[in-house]
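Asks: What follows is a single structure, and I will ask about it in a moment.
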Amino acid sequence: MRGCGLVFCNVLPALMTAEPSAAVMDAIFSSPEEEGRARLLKILQDFLVSEAAKHAAREKANSRVKSATATVNMEELVGNTDGFAESGVSSAIVQRYLDPILQAALSPTATIQLAAVDILSFTIKQGLAHPLQSFPVIVALETSPNPSLSGRASALHSILHGKHTSLLNTRFVVSARASFDYQKKLHPGQVRGYRMAPSQTALLHRWYSLVREKRATRQDFLKSLVKVFDVEATAKTTQAEQDDADFIRYMAENFAAFEYKTHEEVLTVLKYLTAVLSTAGMQLVETLSPSHLLAQLRAPTSAQDQDQDQHMADASMGPPPSNAATSAAAISNMEDALPLMRTAVIVAMIMLLKAYLKGMYGISEEKCAKWVVGKKSAAGDKAATRRHERPLIWDRLPFATAPILTSADAESQRTRFLEIWNEDGLTAEPEDDFV
């Protein structure tokens, strides 16, 4: 294989794209044998660097024979041209093997990963592939616990952000999911959306630190990424799986740990969460316990009487009976009940995230209701200051961190969900922080 690499780099680069060569490389990439893949990635890296050096040398030589009035294109001298990116052996090789290269960049095997990341760095800097293809992998690598690797990924992210900001917006949710999938590889047990180092730091903090410098980019980021909590959209496309619930928890922990600069950012998130709860949340309560929804609809709106009358309603209803017709219908068939109960877990996590953010930044429900998304205001421009460094935890919601396996688990989750839903609004509101 080493001999082939020398031939490709120094004698006949065109052989790299010949069918016999391609067949050999295809077989190596599809093989589970890691040493062969690592060697092939190293050959590809050496080849790409060699071709770039040859191209730069040719351009430099050509520039010497041009007339004094001729314009030298400096972009071409460093290889950043559409012509170089869209033609030639280098581009053909990258396009053919980009998928296995991206997969290798997320490999838990260090030798394979580092070689693939080297190729990925070269590819992005030279513009040899469409940025949307590599962006999810870059975001995933930014969450690596290895500071060197996450730092390299962040530098590449900065390049893409500078050149293709509006284009990348279309891949925000996909990229966040890629980071979650990568964390599952690194931590096969429970994945968390933050690290304690020593205070809580969101795994996606490098991404947010990059976009938050300008109001427009950070608002685009928040408005796009908060859509991961859209329970209705998920229900329309597929039933809630355990992986979906785990991903929502991962994202909730990230949103709780982001270093927000202004209240506008927090309010943007809170406003969307409220909208989800007012639609999907109400529908779920109606499905699981119509009596709870009826009591809420009959509840007084007067702030003076609300607390007393709500507690009276609770006393009259009592705890949700496990043998109620609605409960029995909901959990009698575990196969049908699991997606519904996982959705209940997701909605409960959204409620707890909302309560956490309100308490952390001193934002009342009234302030949240009055604030208008996209409208500049003194309330939104206020600096966001954390009141503590405690992370978002799930003590009140055990099935946020454990799967629902039995009918008893399903009934327990139903009860927990209704308790959390019923307590929303009874919990003491945080006082608004006024400067």
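Asks: Considering only the other residues whose Cβ falls under 15 Å of the Cβ of residue 202, what net charge follows from Lys and Arg at +1 and Asp and Glu at -1? Intermediate values should be presented prior to the final figure.
Replies: Values: positive: 192, 195, 206, 212, 218, 249, 261, 386, 390; negative: 142, 253, 259, 265, 389.
Residues close to residue 202 contribute a combined charge of +4.
Asks: Per residue of the range 47-60, what does 6.51 cos²θ - 1.76 cosθ + 1.60 with θ = phi - 60° give for ³J(HN,Hα)? Whole Hz please, x for Gly and Pro, Karplus curve as stated.
Replies: Using θ = phi - 60°, the values come out as 5, 5, 5, 4, 5, 5, 5, 5, 5, 5, 5, 4, 5, 5 Hz.
Asks: Scattering from the C-alpha atoms of the range 333-386 alone, worked out with Debye: what is log10 I(q)/I(0) at q = 0.17, 0.22, 0.28 1/Å?
Replies: With one equal scatterer per Cα and no solvent, log10 I(q)/I(0) is -0.67, -0.88, -1.11.
Asks: Here's something else I'd like to know. Which order do the peptides 29-38, 249-258 come out in when sorted by mean C-beta neighbours inside 10 angstrom, highest first?
Replies: Working: 29-38: 13.6, 249-258: 24.5.
Top of the packing list down: 249-258, 29-38.
Asks: Classify the range 349-424: rounded, prolate or oblate, from the alpha-carbon gyration tensor (a ≥ b ≥ c, eigenvalue square roots; a/c under 1.5 rounded; otherwise prolate if a/b is larger than b/c)?
Replies: Prolate, since a/c reaches 1.5 and a/b exceeds b/c.
Asks: If I take R0 = 22 Å and measure r between the Cβ atoms of residue 61 and residue 125 in this structure, what FRET efficiency does the formula 1/(1 + (r/R0)^6) give, to the nearest 0.05? Write down the numbers at each step before the final one.
Replies: On the way: r = 22 Å, r/R0 = 1.02.
After rounding, the FRET efficiency stands at 0.45.
Asks: In the range 133-231, if every C-alpha pair distance is counted and binned at 10 Å from zero, what percent goes to each bin?
Replies: 15, 51, 30, 3
Asks: Can I ask one more? What's the ranking of 412-420, 358-366 by average number of surrounding C-beta atoms within 10 Å, highest first?
Replies: Working: 412-420: 20.1, 358-366: 18.3.
Ranked from most to least packed, the peptides come out as 412-420, 358-366.
Asks: Per residue of the range 407-414, in order, report the coupling 6.51 cos²θ - 1.76 cosθ + 1.60 (Karplus, θ = phi - 60°) as ³J(HN,Hα) in whole Hz, putting x for Gly and Pro.
Replies: 5, 5, 4, 4, 5, 4, 5, 4
Asks: Amide H neighbours of residue 262 under 5 Å, at least 5 residues apart or on other chains, H built in the peptide plane: list them.
Replies: Counting only residues 5 or more places away or on other chains, the set is 384.
Asks: For a Förster distance of 35 Å, can you work out the FRET efficiency between the beta-carbons of residue 366 and residue 158, rounded to the nearest 0.05? It would help to have the intermediate numbers written out before the result.
Replies: Numbers: r = 40 Å, r/R0 = 1.13.
It comes to 0.30.
FYI, it's all coordinate maths here, none of it is from the lab. Just so it is clear, the structure is predicted and the values come from calculations on it, not from any experiment. Ideal geometry is used to build each Cβ from the backbone, glycine not excepted, and the neighbour counts take in all protein chains shown.
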